[in-house]
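**Q** Could you have a look at this structure, given as structure tokens, before my questions?
The values are calculated or read from the model by the stated rules, or taken from the named source; none is laboratory data. Note that this is a predicted model, so its numbers are computed, not measured. Note: ideal-geometry Cβ built from the backbone for every residue, glycine included; neighbour counts use all protein chains shown. Remember, those area values only see protein heavy atoms, side chains included, never the ligands or the DNA or RNA. Shrake-Rupley method; radii C 1.70, N 1.55, O 1.52, S 1.80 Å.
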Amino acid sequence: MKIFKPTFLIVMVICFLSCSIENEEKNKREYITTCYKLIEEGSGQPIVGLSILIHYGPNNVLSSQGITNNDGVWCFEHWNDDGPSAILYTYLLENLYFNIPEALPLNGSTNIIELNPKSWIQFHVVNIEPSTVNDRVDVSYFFRINNLRSYGGSRPFEGKDIDTFWYVGVAKGVNISIEWEVKESGVLISTHSDEIIIEDDETFYYLIEY
């Protein structure tokens with residue numbers, strides 16, 4: 001009479017349970033749709049016709065791209081296990097907007113993304129008579145977006161015959177501080193400050209004479 005060994009039965013049960021779990025996980029995998037609604041910060045106006053490119057999935061090897069519709073919305077389908085977020089290709093947006101997120105939620109929902117449109121200041125810096133080769137003016141600008149991220153820059157202009165332009169990108173609808181210091185032979189002569197708000201996307205002309 002043969003004695004039945006339970007080892008084979010145990011192995012069969014484990015294989016059956018493993019296959020069941022694997023099939024159950026496969027059955028949970030499905031296509032979902034994630035949408036992004038891009039709007040202008042402050043006004044809430046939809047950003048229409050904006051090109052978007054994202055990378056997602058394992059090691060971000062997958063990609064999808066499209067253009068926002070008249071409501072500022074772009075949607076795409078992906079597997080529900082492609083990860084929690086997608087990496088946004090920011091090069092398409094950097095010359096147009098501030099406050100660009102590096103990653104976007106990948107959650108099967110409609111996500112609102114606020115971007116701050118760029119405007120431009122054209123500084124016109126002129127050294128007026130009487131002037132010398134030792135004259136110098138240091139021009140700087142500064143602004144914040146939502147009190148979280150700050151931007152700005154500065155540039156010196158030195159010499160007698162300064163009559164030049166300097167273009168800088170600034171955010172629309174925020175306070176922009178402008179300062180300049182006038183020096184002669186390294187000695188501070190005067191300081192000046194101003195504050196402006198650009199309400200549209202047009203270039204703002206700003207004259208500095210010293």
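**Q** Which value, in debye to the nearest 20, gives the size of the charge dipole of the chain about its Cα centre, when Lys and Arg are +1 and Asp and Glu are -1 at the Cβ?
**A** 1520
**Q** What does the convex hull of the Cα atoms come to per residue for segment 43-153, in Å³?
**A** So the per-residue hull volume is 162 Å³.
**Q** Moving to a separate point now. If you filter segment 80-153 for GluC sites (Glu not before Pro), then keep DSSP loop positions with at most 16 other Cβ within 10 Å, what is left?
**A** Glu94, Glu102
**Q** Not counting the cut sites, what is the longest span of the chain without trypsin sites (Lys or Arg not before Pro) that DSSP labels loop and that have at most 14 other Cβ atoms within 10 Å?
**A** Excluding the exposed sites themselves, the longest stretch runs over 30-159.
**Q** At 0.36 nm per residue, and after removing the present C-alpha to C-alpha distance, how many nm does the segment from Leu207 to Lys28 gain when stretched out fully?
**A** Details: separation 179, 0.36 × 179 = 64.44 nm, distance 6.33 nm.
Gain on stretching Leu207 to Lys28: 58.1 nm.
**Q** Right, here's the next one. Among 50-58, 202-210, what's the highest-first ranking by average C-beta atoms within 10 angstrom per residue?
**A** Taking the mean over residues of other Cβ atoms within 10 Å, the ranking is 50-58, 202-210.
**Q** Over the Cα atoms of segment 93-189, what radius of gyration and what Dmax do you get, in Å?
**A** Rg and Dmax of segment 93-189, Cα atoms, are 18.8, 66 Å.
**Q** To check you understand DSSP bridge types, tell me what percent of the beta bridges within the chain (both residues inside) are antiparallel, rounded to 5.
**A** Values: 59 of 72 bridges.
Counting DSSP beta bridges with both partners in the chain, the antiparallel share is about 80 percent.
**Q** Pick from Ile128, Ile178, Ile145 the residue whose mean-square fluctuation is largest in a GNM of the chain, springs joining Cα atoms under 10 Å.
**A** Ile128
**Q** If you only keep lysine pairs separated by 8 or more in sequence, or across chains, how many in the chain come under 20 Å at the Cα atoms?
**A** So the count of such lysine pairs works out to 4.
**Q** Right, another one. On the accessible surface of the chain, probed at 1.4 Å, how many percent belong to carbon and sulfur atoms?
**A** 52
**Q** Just need the Rg to Rh number for the chain, please, alpha carbons only, Kirkwood Rh.
**A** My calculation of the ratio gives 1.33.
**Q** Rounded to the nearest 500 deg cm²/dmol, what is the calculated helix-only ellipticity per residue at 222 nm for the chain, with -39500 (n - 2.57) per DSSP H run of length n ≥ 4?
**A** It comes out at -4000 deg cm²/dmol, rounded to the nearest 500.
**Q** Taking a probe of 1.4 Å, how large is the accessible area per residue of the chain, in Å²?
**A** Values: 13230 Å² over 210 residues.
Accessible area per residue: 63 Å².
**Q** Now for a different question. Once ligands and nucleic acids are excluded and a 1.4 Å probe is used, how much of Asp201 is accessible, expressed in Å² to the nearest 10?
**A** 80
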